[in-house]
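Asks: My questions will all concern the structure given below.
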Amino acid sequence: MNKVRYTEWIDSYVEGELDETGRRNFEAELSINRDLAVEYHLEKDLERVLEQEDLLDFKSKCMLAQQEINLSSRKFVKVVQLTRKYWYAAASILLIAMITGGLFLLNPGGYSAEKLFKMYYKSGETIGATRSGNVNMVEALRYFGKNDFKGADALFDEILTNDPNNIAVIYYSGISNIEIKNYPKAIRMFESIITDGDNLYIENAQWYLGLSHLAAGEVKRADEIFQVIASAPDHYYFNDAKSILEKISKSEKSKKFLNNLFFLILPF
């Protein structure tokens with residue numbers, strides 16, 4: 001089982017998403033798998049550390065207040081305080097290095113937009129477009145099936161020139177452009193499907209629109225789209241949207257925590 005899979009498995013266990021059999025299997029593996037045990041305990045440590053964010057904010061405010069007091073102190077006191085500042089700075093840097101190292105051991109690179117995209121995107125996923133009635137469509141789907149997404153998209157564009165409202169072609173064009181990393185075009189394709197509002201591709205288009213924004217590094221926009229999906233329990237991607245939102249939130253908390261740590265040494 002690879003590193004990414006451990007992360008998903010641990011998250012499912014910690015968040016109570018596993019059934020009784022799943023929990024027993026996890027706990028049995030945890031007792032014999034050293035790598036899984038290390039990553040699991042680091043995950044628990046991270047949770048405890050993140051719970052200290054309020055304390056860090058309070059300490060930051062106290063340090064700023066202390067700095068103001070020092071500015072009004074006698075010159076001799078300032079010299080002594082300056083020496084202490086450098087000592088505290090060194091200690092803070094060491095603390096940051098230790099905790100940051102722990103975070104990277106827990107989840108190298110964190111839940112970056114790129115990592116989340118790779119975790120949730122399924123390459124070449126299809127819905128079942130018809131191969132009949134259009135020679136170009138047959139040829140385009142043949143390219144698509146052979147993972148020649150650039151060639152497929154060129155043919156999809158030809159079809160859309162004469163049939164611009166063909167939702168199936170627009171959808172497959174969107175998927176093809178994800179594959180060739182042309183995310184702006186993929187976003188346009190999926191948005192046009194959603195705007196149409198009366199087709200069988202809307203739920204898939206919403207999901208892949210969110211992933212396209214994620215792949216493009218537009219995490220805030222992706223989060224907004226996944227929030228919409230997660231607010232609809234009957235949505236096909238409801239569970240996936242909830243899962244990816246939890247990871248985005250965890251990643252943002254980690255960033256905030258590290259920012260607080262760095263803020264602690266700014267007065268020095």
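The values are calculated or read from the model by the stated rules, or taken from the named source; none is laboratory data. The structure displayed is predicted, hence computed values, not measured ones. Please note: Cβ atoms are built from the backbone with ideal geometry, for glycine as well, and neighbour counts cover all protein chains shown. We work out accessible area using only protein heavy atoms, side chains counted, and drop any ligands, DNA or RNA first. Shrake-Rupley method; radii C 1.70, N 1.55, O 1.52, S 1.80 Å.
Asks: Taking the options LEU211, LEU245, name whichever one is at pLDDT 95 or above, under 17 Å from TYR111 (Cβ atoms) and either open to solvent by 80 Å² or more (accessible area, probe 1.4 Å) or touching a helix residue (DSSP H, G or I) at 6+ places or on another chain (Cβ under 9 Å) (or both).
Replies: Numbers: LEU245 fails: at pLDDT 95 or above.
Sole residue among the options that is at pLDDT 95 or above, under 17 Å from TYR111 (Cβ atoms) and either open to solvent by 80 Å² or more (accessible area, probe 1.4 Å) or touching a helix residue (DSSP H, G or I) at 6+ places or on another chain (Cβ under 9 Å) (or both): LEU211.
Asks: May I pose another question? When you check LEU160 against the structure, is it part of a helix (DSSP H, G or I) and touching a residue at least 40 places away in the same chain (Cβ under 8 Å), yes or no?
Replies: No; evaluated as a whole, the condition is false for this residue.
Asks: State whether one or more residues within region 182-192 are touching a residue at least 40 places away in the same chain (Cβ under 8 Å) and open to solvent by less than 30 Å² (accessible area, probe 1.4 Å).
Replies: Applying the first criterion (touching a residue at least 40 places away in the same chain (Cβ under 8 Å)) to region 182-192 yields none.
Among the residues of region 182-192, not one is touching a residue at least 40 places away in the same chain (Cβ under 8 Å) and open to solvent by less than 30 Å² (accessible area, probe 1.4 Å), which makes the answer no.
Asks: Let me ask another. Mind counting the residues in region 1-43 that are at pLDDT 70 or above and among the basic types (Lys, Arg)?
Replies: Selection size over region 1-43: 3.
Asks: Provide a single number: the residues in region 163-181 that are touching a Gly at 6+ places or on another chain (Cβ under 8 Å) and open to solvent by 20 Å² or more (accessible area, probe 1.4 Å). Walk me through how you get there before you give the answer.
Replies: Initial filter on region 163-181 (touching a Gly at 6+ places or on another chain (Cβ under 8 Å)): 175, 179.
Next, from what is left, pick out any that are open to solvent by 20 Å² or more (accessible area, probe 1.4 Å): 179.
The qualifying residues number 1.
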